1. Anything in segment 112-131 that is closer than 21 Å to residue 170 by Cβ, of a type in the set (A, V, I, L, M, F, W, C) and surrounded by fewer than 19 Cβ atoms within 10 Å (Cβ to Cβ)? List them, or say none.
2. Scan segment 101-119 for residues that are touching a Lys or Arg at 6+ places or on another chain (Cβ under 7 Å), outside any strand (DSSP E or B) and either of a type in the set (Asp, Glu) or modelled with pLDDT of 95 or more (or both) and jot them down.
3. Would you check if residue 98 is of a type outside the set (Val, Ile, Thr), buried (at least 17 other Cβ atoms within 10 Å of the Cβ) and either at pLDDT 95 or above or in a loop (DSSP other than H, G, I, E, B) (or both)?
4. Might you check whether a residue that is within 20 Å of residue 205 (Cβ to Cβ), among the small types (Gly, Ala, Ser), modelled with pLDDT under 95 and surrounded by fewer than 22 Cβ atoms within 10 Å (Cβ to Cβ) occurs anywhere in segment 73-90?
5. Test residue 154 against the stated conditions and say whether it is over 22 Å from residue 32 (Cβ atoms), touching a Pro at 6+ places or on another chain (Cβ under 9 Å) and not polar (S, T, N, Q).
6. What are the residues in segment 124-168 that are in contact (Cβ under 8 Å) with a residue 40 or more places away in the chain, over 20 Å from residue 28 (Cβ atoms) and small (Gly, Ala, Ser), if any?
7. If a residue must be within 15 Å of residue 99 (Cβ to Cβ) and not small (Gly, Ala, Ser), how many such residues does segment 143-190 contain?
8. Any residue that is assigned to a loop (DSSP other than H, G, I, E, B), farther than 28 Å from residue 48 by Cα and of a type in the set (Val, Ile, Thr) - is there at least one of those in segment 68-91?
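The values are calculated or read from the model by the stated rules, or taken from the named source; none is laboratory data. Remember, predicted model here, so these are calculated numbers, not experimental data. Every residue, glycine as well, gets a Cβ built from its backbone with ideal geometry; the counts of neighbours run over all protein chains shown.
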Amino acid sequence: MKSTSRRFATIAALALVPVLALGQTATAASQTITFKVRASALGQTADLTLDQGLDSSAPASVASGGTFAVTLDPAPNTVPASGGGRTISEINTIALKLPVPANSSFVSATLAGGAGLGSTPPTVAKVGNDVVLSVKGPLKGGASFELPTVTINLKATGASGSSVQTKLAGTSYDSPGLTFNAVVVVIFPITAPAKAYPDPSPVLTTTAIS
């Protein structure tokens, strides 16, 4: 189950916010995000950490009242076929959250691409103050897949001289930014819910408001 959690959080952790800056020179950054993951089943809990490389981009600046986009481009990945000596049947019900940043308001979000994600198309929607990428799956154990690129358009609402900084959601196991289920076969299939959050939680992009 540890392997299941590690590999899948890597997968899911790869998925939030992509975009093309409108009318401004874009800035791009590659960084490694460390997630703390906790998976639980049958009264047992497994904790682990995972590192995930992430490429993100956004315009360097935007006028107050203007719209702009932020991007994160997920890489292809593979669902592990086994973990902890057990067969992994599937991964399902993935949800990855990105808070709408301070000094901005949500305009829209769309998905593009993605492969091997099951028969139900993935969705993206604003839920509360978060933009949530949801993948129902199932993603079969051992199968290759690619999460879709998410495009989030924002409006700069802050004053001139302020900035908009994007980050992944999640501050603790009680307030996770990433959740998913791993179905592991022991004698019969067991669903192990997993929760994860970035620690530390780096700034993904910064856009100055002029």
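1. Passing the criteria: 125, 127.
2. Across segment 101-119, there are no qualifying residues.
3. So residue 98 fails the test.
4. yes
5. Spelling it out, residue 154 is indeed over 22 Å from residue 32 (Cβ atoms), touching a Pro at 6+ places or on another chain (Cβ under 9 Å) and not polar (S, T, N, Q).
6. 134, 137, 141, 142, 143, 144, 158, 159, 160, 161, 162
7. Within segment 143-190, residues that are within 15 Å of residue 99 (Cβ to Cβ) and not small (Gly, Ala, Ser) number 12.
8. no
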